[in-house]
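Please read the structure below before turning to the comments.
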Amino acid sequence: MRAATVTLSWDDDRGNPIADIFGGSDAVTIDAIRYVHPVHGERYVELLELRGDLERARTLLEASSETIEHDVAGEDDRGVAYVQCRTVGLVGDFLSILWRREIVVDWPLKYVEGGSNRGLELTVIGSSRAIQRAVADLPEGVDLDLRRLGSYDPDVDRTTPDLTERQRELFEVAIREGYYEVPRETTQRELAETLDLATGTVGEHLRRIEARLATAYATSLE
(Lines give C-alpha, C1' and ligand atoms only; values in the text may rest on other atoms or scores of the structure.)
Protein backbone atom coordinates (compact mmCIF):
# COMPACT_ATOMS: atom_id res chain seq x y z
CA MET A 1 0.00 0.00 0.00
CA ARG A 2 1.47 3.31 -1.12
CA ALA A 3 0.80 6.91 -0.19
CA ALA A 4 1.64 9.80 -2.51
CA THR A 5 1.39 13.50 -1.71
CA VAL A 6 1.23 15.60 -4.85
CA THR A 7 0.47 19.13 -5.96
CA LEU A 8 -1.76 19.46 -9.01
CA SER A 9 -1.71 22.84 -10.74
CA TRP A 10 -3.30 24.40 -13.80
CA ASP A 11 -3.29 27.82 -15.44
CA ASP A 12 -6.87 28.16 -16.69
CA ASP A 13 -10.37 28.51 -15.20
CA ARG A 14 -11.37 24.84 -15.20
CA GLY A 15 -10.95 24.48 -11.44
CA ASN A 16 -13.66 24.53 -8.82
CA PRO A 17 -16.40 27.08 -9.68
CA ILE A 18 -17.16 27.54 -5.99
CA ALA A 19 -13.53 28.47 -5.34
CA ASP A 20 -13.75 30.89 -8.26
CA ILE A 21 -16.56 32.70 -6.44
CA PHE A 22 -14.01 33.85 -3.89
CA GLY A 23 -11.18 34.28 -6.40
CA GLY A 24 -11.85 37.95 -7.04
CA SER A 25 -12.21 38.86 -3.37
CA ASP A 26 -9.42 39.71 -0.95
CA ALA A 27 -11.88 39.41 1.93
CA VAL A 28 -12.28 35.62 2.00
CA THR A 29 -10.18 32.64 0.93
CA ILE A 30 -10.73 28.88 0.66
CA ASP A 31 -7.87 27.13 2.46
CA ALA A 32 -8.97 23.55 1.82
CA ILE A 33 -11.70 21.23 0.62
CA ARG A 34 -12.64 18.98 3.51
CA TYR A 35 -14.94 16.81 1.41
CA VAL A 36 -16.64 16.58 -1.98
CA HIS A 37 -19.26 14.05 -3.01
CA PRO A 38 -21.74 13.75 -5.89
CA VAL A 39 -25.40 13.58 -4.92
CA HIS A 40 -28.58 13.01 -6.96
CA GLY A 41 -28.59 14.24 -10.54
CA GLU A 42 -25.67 16.44 -11.51
CA ARG A 43 -25.24 17.96 -8.08
CA TYR A 44 -22.34 17.90 -5.64
CA VAL A 45 -21.92 18.75 -1.99
CA GLU A 46 -18.72 20.32 -0.69
CA LEU A 47 -17.37 21.14 2.74
CA LEU A 48 -14.87 24.01 2.52
CA GLU A 49 -12.48 25.57 5.04
CA LEU A 50 -12.74 29.36 4.85
CA ARG A 51 -10.49 32.14 6.11
CA GLY A 52 -11.46 35.81 6.23
CA ASP A 53 -14.76 37.69 6.26
CA LEU A 54 -17.41 35.01 6.77
CA GLU A 55 -20.27 37.44 6.19
CA ARG A 56 -18.75 38.33 2.83
CA ALA A 57 -18.53 34.60 2.08
CA ARG A 58 -22.27 34.25 2.70
CA THR A 59 -22.98 37.18 0.38
CA LEU A 60 -20.83 35.78 -2.43
CA LEU A 61 -22.39 32.32 -2.16
CA GLU A 62 -25.89 33.78 -2.14
CA ALA A 63 -25.19 35.77 -5.30
CA SER A 64 -23.62 32.90 -7.26
CA SER A 65 -25.58 31.03 -9.92
CA GLU A 66 -23.40 27.96 -9.20
CA THR A 67 -24.76 27.61 -5.67
CA ILE A 68 -27.98 25.70 -5.02
CA GLU A 69 -27.85 25.73 -1.24
CA HIS A 70 -25.26 26.80 1.30
CA ASP A 71 -24.55 27.42 4.96
CA VAL A 72 -21.52 29.01 6.65
CA ALA A 73 -20.49 28.41 10.24
CA GLY A 74 -17.55 29.70 12.25
CA GLU A 75 -16.15 32.42 14.44
CA ASP A 76 -13.82 35.37 13.83
CA ASP A 77 -11.97 34.77 10.55
CA ARG A 78 -12.15 30.95 10.42
CA GLY A 79 -15.15 28.98 9.24
CA VAL A 80 -16.59 26.08 7.28
CA ALA A 81 -19.00 26.31 4.36
CA TYR A 82 -21.44 23.59 3.34
CA VAL A 83 -22.26 24.10 -0.34
CA GLN A 84 -24.56 22.21 -2.68
CA CYS A 85 -23.57 23.10 -6.24
CA ARG A 86 -24.10 22.12 -9.86
CA THR A 87 -20.49 21.29 -10.69
CA VAL A 88 -17.05 21.13 -9.08
CA GLY A 89 -15.17 21.50 -12.35
CA LEU A 90 -11.66 20.12 -12.61
CA VAL A 91 -11.73 19.00 -8.98
CA GLY A 92 -14.57 16.65 -9.94
CA ASP A 93 -12.46 15.31 -12.81
CA PHE A 94 -9.59 14.60 -10.41
CA LEU A 95 -11.84 12.77 -7.99
CA SER A 96 -13.50 10.75 -10.77
CA ILE A 97 -10.07 9.52 -11.84
CA LEU A 98 -9.20 8.49 -8.29
CA TRP A 99 -12.53 6.74 -7.72
CA ARG A 100 -12.26 4.94 -11.07
CA ARG A 101 -8.77 3.72 -10.19
CA GLU A 102 -9.97 2.70 -6.70
CA ILE A 103 -7.67 5.13 -4.93
CA VAL A 104 -8.50 6.55 -1.50
CA VAL A 105 -8.25 10.29 -0.82
CA ASP A 106 -6.75 11.41 2.48
CA TRP A 107 -8.86 14.51 3.10
CA PRO A 108 -8.61 17.50 3.08
CA LEU A 109 -7.40 18.82 -0.27
CA LYS A 110 -5.36 21.96 0.41
CA TYR A 111 -5.29 24.96 -1.89
CA VAL A 112 -1.76 26.19 -2.57
CA GLU A 113 -0.40 29.40 -4.03
CA GLY A 114 1.45 29.07 -7.30
CA GLY A 115 1.80 32.52 -8.84
CA SER A 116 -0.70 32.77 -11.67
CA ASN A 117 -1.43 29.05 -11.47
CA ARG A 118 -4.01 27.44 -9.25
CA GLY A 119 -3.23 24.30 -7.34
CA LEU A 120 -4.28 21.65 -4.87
CA GLU A 121 -2.13 19.55 -2.58
CA LEU A 122 -3.55 16.13 -1.79
CA THR A 123 -2.49 12.77 -0.44
CA VAL A 124 -3.78 9.59 -2.08
CA ILE A 125 -3.52 5.98 -0.93
CA GLY A 126 -3.53 2.88 -3.13
CA SER A 127 -1.35 0.41 -4.97
CA SER A 128 1.66 1.62 -6.96
CA ARG A 129 0.01 0.51 -10.21
CA ALA A 130 -3.25 2.28 -9.42
CA ILE A 131 -1.45 5.54 -8.59
CA GLN A 132 0.62 5.34 -11.79
CA ARG A 133 -2.52 4.79 -13.87
CA ALA A 134 -4.26 7.71 -12.18
CA VAL A 135 -1.32 9.98 -13.03
CA ALA A 136 -1.52 8.88 -16.68
CA ASP A 137 -5.24 9.77 -16.70
CA LEU A 138 -4.72 13.41 -15.67
CA PRO A 139 -6.27 15.91 -18.11
CA GLU A 140 -4.04 17.82 -20.51
CA GLY A 141 -2.76 21.07 -19.06
CA VAL A 142 -2.57 19.79 -15.49
CA ASP A 143 0.93 19.67 -13.96
CA LEU A 144 1.86 17.24 -11.19
CA ASP A 145 4.58 17.85 -8.61
CA LEU A 146 5.37 14.78 -6.49
CA ARG A 147 6.13 15.96 -2.95
CA ARG A 148 6.26 12.65 -1.07
CA LEU A 149 5.99 8.96 -2.00
CA GLY A 150 6.29 5.95 0.25
CA SER A 151 4.55 3.15 2.07
CA TYR A 152 1.38 4.14 3.85
CA ASP A 153 1.78 4.15 7.62
CA PRO A 154 -1.51 4.73 9.48
CA ASP A 155 0.38 5.31 12.73
CA VAL A 156 2.32 8.31 11.42
CA ASP A 157 1.22 11.61 12.92
CA ARG A 158 0.07 13.63 9.91
CA THR A 159 -0.55 16.84 11.82
CA THR A 160 1.29 19.51 9.83
CA PRO A 161 1.27 23.29 9.99
CA ASP A 162 -0.98 24.88 7.40
CA LEU A 163 1.56 27.04 5.55
CA THR A 164 1.03 28.79 2.25
CA GLU A 165 3.47 28.19 -0.60
CA ARG A 166 5.13 31.57 0.04
CA GLN A 167 5.46 30.83 3.74
CA ARG A 168 7.03 27.46 2.98
CA GLU A 169 9.52 29.11 0.63
CA LEU A 170 10.45 31.70 3.25
CA PHE A 171 10.71 29.08 6.01
CA GLU A 172 13.00 26.89 3.88
CA VAL A 173 15.24 29.86 3.06
CA ALA A 174 15.30 30.93 6.71
CA ILE A 175 16.44 27.45 7.77
CA ARG A 176 19.01 27.21 4.97
CA GLU A 177 20.48 30.63 5.76
CA GLY A 178 20.72 29.88 9.48
CA TYR A 179 18.02 32.18 10.82
CA TYR A 180 17.11 29.61 13.48
CA GLU A 181 20.69 28.78 14.43
CA VAL A 182 22.06 29.90 17.84
CA PRO A 183 23.47 32.45 17.39
CA ARG A 184 21.58 33.49 14.25
CA GLU A 185 23.57 33.51 11.03
CA THR A 186 21.27 35.88 9.14
CA THR A 187 18.71 38.61 9.80
CA GLN A 188 15.20 39.39 8.62
CA ARG A 189 16.65 42.22 6.53
CA GLU A 190 19.03 39.82 4.76
CA LEU A 191 16.22 37.32 4.18
CA ALA A 192 14.14 40.13 2.72
CA GLU A 193 16.94 41.04 0.31
CA THR A 194 17.34 37.40 -0.75
CA LEU A 195 13.61 37.01 -1.47
CA ASP A 196 13.07 40.56 -2.77
CA LEU A 197 10.51 41.31 -0.07
CA ALA A 198 10.03 44.12 2.42
CA THR A 199 11.61 43.48 5.81
CA GLY A 200 8.25 44.04 7.51
CA THR A 201 6.64 41.44 5.23
CA VAL A 202 9.30 38.88 6.15
CA GLY A 203 8.79 39.59 9.85
CA GLU A 204 5.02 39.20 9.56
CA HIS A 205 5.35 35.92 7.63
CA LEU A 206 7.82 34.52 10.16
CA ARG A 207 5.49 35.37 13.06
CA ARG A 208 2.61 33.58 11.29
CA ILE A 209 4.80 30.59 10.47
CA GLU A 210 6.01 30.27 14.05
CA ALA A 211 2.46 30.59 15.40
CA ARG A 212 1.23 27.81 13.13
CA LEU A 213 4.19 25.57 13.98
CA ALA A 214 3.48 26.09 17.68
CA THR A 215 -0.22 25.31 17.18
CA ALA A 216 0.60 22.13 15.23
CA TYR A 217 3.00 21.00 17.95
CA ALA A 218 0.48 21.69 20.71
CA THR A 219 -2.15 19.72 18.77
CA SER A 220 0.20 16.73 18.46
CA LEU A 221 0.54 16.65 22.26
CA GLU A 222 -3.21 16.42 22.88
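The values are calculated or read from the model by the stated rules, or taken from the named source; none is laboratory data. All values derive from a computational prediction rather than experimental measurement. In this analysis, Cβ positions are derived from the backbone assuming ideal geometry, glycine residues included, and neighbour counts consider all displayed protein chains. When the accessible area is computed, the model is the full protein with side chains, heavy atoms only, and any ligands, DNA or RNA have been set aside. Shrake-Rupley method; radii C 1.70, N 1.55, O 1.52, S 1.80 Å.
Below is a table of values for the structure above.
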item: Within region 83-104, tally of residues that are hydroxyl-bearing (Ser, Thr, Tyr) and either touching a Leu at 6+ places or on another chain (Cβ under 7 Å) or over 15 Å from SER65 (Cβ atoms) (or both); result: 1
item: Given (1) hydroxyl-bearing (Ser, Thr, Tyr); (2) under 20 Å from HIS40 (Cβ atoms); (3) open to solvent by 50 Å² or more (accessible area, probe 1.4 Å), index of the condition SER127 fails; result: (2)
item: Given (1) under 25 Å from ALA130 (Cα atoms); (2) outside any strand (DSSP E or B); (3) in contact with a helix residue (DSSP H, G or I) (Cβ under 8 Å, 6 or more places away or on another chain), index of the condition VAL105 fails; result: (2)
item: Contacts under 7 angstrom Cβ, first residue in region 165-189 being at pLDDT below 85, partner open to solvent by less than 100 Å² (accessible area, probe 1.4 Å) and of a type in the set (Val, Ile, Thr), 6 or more apart; result: GLU165/VAL112; GLN167/ILE209
item: Qualifying positions in region 128-139 - touching a strand residue (DSSP E or B) at 6+ places or on another chain (Cβ under 9 Å), outside any helix (DSSP H, G or I) and at pLDDT 90 or above; result: LEU138
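Conditions (1) closer than 16 Å to ASP20 by Cα; (2) touching a Ser or Thr at 6+ places or on another chain (Cβ under 7 Å); (3) of a type in the set (Lys, Arg), marked per residue:
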position: ILE33; (1), (2), (3): yes, no, no
position: LEU48; (1), (2), (3): yes, no, no
position: ALA57; (1), (2), (3): yes, no, no
position: LEU61; (1), (2), (3): yes, yes, no
position: ALA73; (1), (2), (3): no, no, no
position: ASP77; (1), (2), (3): no, no, no
position: VAL80; (1), (2), (3): no, no, no
position: LEU90; (1), (2), (3): yes, no, no
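So that you can scan it fast, the table gives a plain yes or no per residue for (1) out of contact with any Asp or Glu (no Cβ under 9 Å at 6 or more places or on another chain); (2) closer than 25 Å to ARG168 by Cβ; (3) modelled with pLDDT of 90 or more:
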site	(1), (2), (3)
TYR44	yes, no, no
ARG56	yes, no, yes
GLU66	no, no, no
ASP76	yes, yes, no
VAL88	no, no, no
TRP107	yes, yes, no
